[in-house]
Amino acid sequence: MKIYNTLTKQLEEFEVTDNIVNMYVCGITPYSSSHLGHAMCAIVFDVIRRYMEYKGFKVNHIQNFTDIDDKMISAANEKGIEVSELAERNIQSYFDELKSLNVLPATEYPRATQEISEIIKIVNTLVERDDAYVIEGDVYFRVKNKSDYGKLSNRKVSDLEAGARLELDDSKEHPEDFALWKATKPGEPNWESPWGKGRPGWHIECTAMAIRYLGQTIDIHGGGVDLVFPHHENEIAQSESFTKVKPFARVWIHNGTLQYGSDKMSKSVGNIFSVSQALETYSPDSLRMFFLTSHYRSPLVFDEKTIKAQDKAISRLRSALKIVSGDSNPLPTNKFKQDFIDAMDEDFNTPKALAAIFDLARDINREGSNGRDVSSAQELLNELTQILGINIEDQNLSSNLDVAPFVELLLEIRNELRESKQFNIADSIRDRLESMNISIEDSQKNTTWKINY
RNA sequence: GGCGACGUAGCCAAGUGGUCUAAGGCGGAAGUUUGCAAAACUUUUAUUCGGCGGUUCGAAUCCGCCCGUCGCCUCCA
């Protein structure tokens, strides 16, 4: 299995010694509802995790919540509620959304505010070693002490200094030094520390949680590409300075960001499409498919038509699963399975893996109606789509609905009309049901119906 | 100013030196099937990969230049 590693900028063979994969994925700052970009990231790493488990690895999947920072505080103030309450609300709805999107729960979801003592311990060690310094209750990491600073994002400190947008803050020794601990301001949540009351800086919580839950060297660290700098760069700096162990993470995986219009979908730009809003308009599977039809590292442009088109593609897979298998000459499936695995082994090439799935579905449809035994091919189809977290089973939910007996009754009458060749009335029943979003399909054997969402 | 990514059919999107006269999906066209539809299947829809040069026996794939789009350098998944 090959994975593109942001740290080395190349495709690498992925190996672990003990079959356990320790994976840390940066989660959200729950100051407002999450948007489709967050959903995309969650789905990308969900598929990576599912595929690794399929390959026989045990995956420790840790995803954090940064539940204390400037934006948390100002959003809570605006709403007139406690920061903790704001976090709780948004985290709960995020969990609900992940569930709707069929994202498997992570092993743990640690929160920054519950790791304060670990954080203080780490900052303290860095201060004692002079890798950090204290100014009026703030603690800053001393970037010049980390000679390989910039190795992840391919930046040199001198370039950063030349950067036009870097804000000069006279209180820091160097403009690129970053806060590990921030002194409290009036009205802010705060914790006691050796440097006075305050709260953690942005990056330190991930260092604390990654080390605590996964150890000093983790196998995979992931997140959106927009986190590469400064967040992940700074995580590396502070973590490696603290543990004196390199590397902090062996493989860095970054997904491309979701674009909305001509810009990145981002809370601060305000061009967001929230997950809950999206779930009202699109099916979870079509959203998942939409994200997986392009490679995870490419930026993806939000496109309504493309998302909607996924439902039709998925229904092809569903009908392949429903086709009644014959009993002769079983359809061989090895090729499709191998194509799928080869694609996924190549840096999780989901578009290529999907191509194998659609090839399989077409063969099932063709050969199944030729009377061949396609039952094991159907099992494979189900197995492969599940690795991508796409649900093609359970579609007979319509029979559980309250309207089912009435629809069945109508179909019964309609089939009697068809038998007596009263097609006008039969067709009118079909048309009327269609206008109520119920479609009917007649086959040789029976008539099926489904509700169009 | 620095760092980086990308530009493939009507749309989305794989492919990164020969098997590419380029996968898969959506859409379009024709056909098989059907009472008619729908679904499914078959065939078809890029001799061409932003433009111009170059390297090579051979390039969508490597190199150079140009045009265009986007990301990061400030909060960000």
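The values are calculated or read from the model by the stated rules, or taken from the named source; none is laboratory data. All values derive from a computational prediction rather than experimental measurement. All Cβ positions, even for glycine, are placed from backbone atoms using ideal geometry, and neighbour counts span all protein chains on display. For accessibility, only protein heavy atoms count, side chains too; no ligands or nucleic acids. Shrake-Rupley method; radii C 1.70, N 1.55, O 1.52, S 1.80 Å.
Summary table
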item: Lys, Arg +1 and Asp, Glu -1 on Cβ, resulting dipole of chain A about Cα centre, debye, nearest 20; result: 680 debye
item: Heavy atoms of A:Thr8 accessible to a 1.4 Å probe, total area in Å² rounded to 10; result: 60 Å²
item: Label-point separation in nm, A:Glu128 to A:Glu383, each point 7 Å along Cα→Cβ; result: 5.3 nm
item: Charge dipole (chain A, unit charges on Cβ, about Cα centre) - positive-most of A:Gly80, A:Pro299, A:Tyr24; result: A:Pro299
item: Distance from segment A:348-380 to segment A:31-51 (C-alpha centre basis), Å; result: 27 Å
item: Charge-dipole axis of chain A as Lys and Arg at +1 and Asp and Glu at -1 on Cβ define it, positive-most pick from A:Asn255, A:Gln92, A:Ala426; result: A:Ala426
item: Selection from A:Gly326, A:Ala356, A:Ile392, by position along the positive dipole direction of segment A:323-393 (Cβ); result: A:Gly326
item: Whole-Å distance, taken between Cα centres, linking segment A:282-330 and segment A:82-129; result: 33 Å
item: In Å², nearest 10: area of A:Ser283 left accessible to a 1.4 Å probe; result: 40 Å²
item: Rounded tilt (10° steps) of A:204-214 against the dominant C-alpha axis of chain A; result: 60 degrees
item: Where GluC sites (Glu not before Pro) fall in DSSP loop in segment A:1-89, at most 16 other Cβ within 10 Å; result: A:Glu15, A:Glu82
item: Candidate aspartates and glutamates - alpha carbon under 14 Å from A:Lys264, same-chain residues fewer than 8 apart omitted; result: A:Asp226, A:Asp303
item: Size of electric dipole in segment A:323-393: Cβ of Lys, Arg +1 and of Asp, Glu -1, about Cα centre, debye, nearest 20; result: 240 debye
item: Longest site-free stretch - chain A; sites: trypsin sites (Lys or Arg not before Pro), DSSP loop, at most 11 other Cβ within 10 Å; result: A:245-420
item: Distance in nm between pseudo-label sites at A:Lys71 and A:Asn365 (7 Å out along the Cβ direction from Cα); result: 4.3 nm
